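Accompanying notes for the structure given below.
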Amino acid sequence: MNAVISPGEVGSEILGEAYLTLDPASASQARVCVREWLGADHPAYENVRLATSELVANAAVHAAGGPCDLMLLVLVRTADLLRVEVTDPGGDSSRPRACDAVPDDVERGRGLAIVRELSGGRWGVRDRGALGRTVWCAFDLHPAPASHPGA
């Protein structure tokens, strides 16, 4: 995990924020929010959308609290990055981590590994004390076009 961005960075702009229930179904609502805030034609849209969905689902599954409790989703643009933040009430004392290997027959446990790969390792966790914790990831605002083998 790399702390490459500080909260409230100078020149940052909040593209959107939404309170979502601590429910795995909130992941679909989060995807709708990203589409509204960023636009489906943005070159980073697909990666941001998928990572956001994984962060929200992870918070819904692992945060302390019940379905009436909320998490906060925020999408921030800086000069050259997009940052997704999901703040939840927190959970057990262990820090969220990306697993390097999950057995094929296990259905869960890949979310943060997906986020790590999509964000190029630019993700992290901030403990916010009584306010819970924030899991974040960052993407290039203008990613390089994907190269296609044989093209």
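Return yes or no: is Leu15 over 14 Å from Met71 (Cβ atoms) and either assigned to a helix (DSSP H, G or I) or at pLDDT 95 or above (or both)? Yes, satisfied.
Please work out if Asn47 is modelled with pLDDT under 90, over 13 Å from Thr134 (Cα atoms) and within 15 Å of the chain's Cα centre (by Cα).
no
Looking only at residues of region 58-77 that are out of contact with any Gly (no Cβ under 6 Å at 6 or more places or on another chain) and in a helix (DSSP H, G or I), we find that the one that is surrounded by the most Cβ atoms within 10 Å (Cβ to Cβ) is Ala59. Checking each residue in region 80-91 for being surrounded by fewer than 21 Cβ atoms within 10 Å (Cβ to Cβ), more than 16 Å from Arg122 (Cα to Cα) and in contact (Cβ under 8 Å) with a residue 60 or more places away in the chain picks out only Pro89. Checked against the criterion of being buried (at least 19 other Cβ atoms within 10 Å of the Cβ), on the phi < 0 side of the Ramachandran plot and at pLDDT 90 or above, region 99-113 has no qualifying residue. When residues in region 19-37 are screened for being more than 13 Å from the chain's Cα centre (by Cα), of a type in the set (A, V, I, L, M, F, W, C) and modelled with pLDDT of 95 or more, 3 of them pass.
When Ala40 is tested against (1) at pLDDT below 90; (2) out of contact with any Leu (no Cβ under 7 Å at 6 or more places or on another chain), only condition (1) is not met. For region 36-49, the tally of residues that are loosely packed, with under 15 Cβ neighbours inside 10 Å and in a helix (DSSP H, G or I) stands at 2.
If a residue must be polar (S, T, N, Q) and modelled with pLDDT of 85 or more, how many such residues does region 114-149 contain? So that I can check it myself, show each step before the final result.
Of region 114-149, the ones polar (S, T, N, Q) are 119, 134, 147.
Those left that are additionally modelled with pLDDT of 85 or more: 119, 134.
Of the residues in that region, 2 qualify.
Restricting the first member to region 36-50 and to residues that are closer than 17 Å to Asp80 by Cα, and the second to residues that are in a helix (DSSP H, G or I) and of a type in the set (Val, Ile, Thr), the beta-carbon pairs closer than 7 Å and six or more apart or on different chains are Leu38/Val48; Val48/Val34. Could you tell me whether any residue of region 80-87 is at pLDDT below 95 and over 27 Å from Ala144 (Cα atoms)? So far as region 80-87 goes, yes, one or more of its residues are at pLDDT below 95 and over 27 Å from Ala144 (Cα atoms).
The values are calculated or read from the model by the stated rules, or taken from the named source; none is laboratory data. Remember, predicted model here, so these are calculated numbers, not experimental data. As a convention, Cβ positions derive from the backbone with ideal geometry for all residues, glycine included, and neighbour counts pool all protein chains shown.
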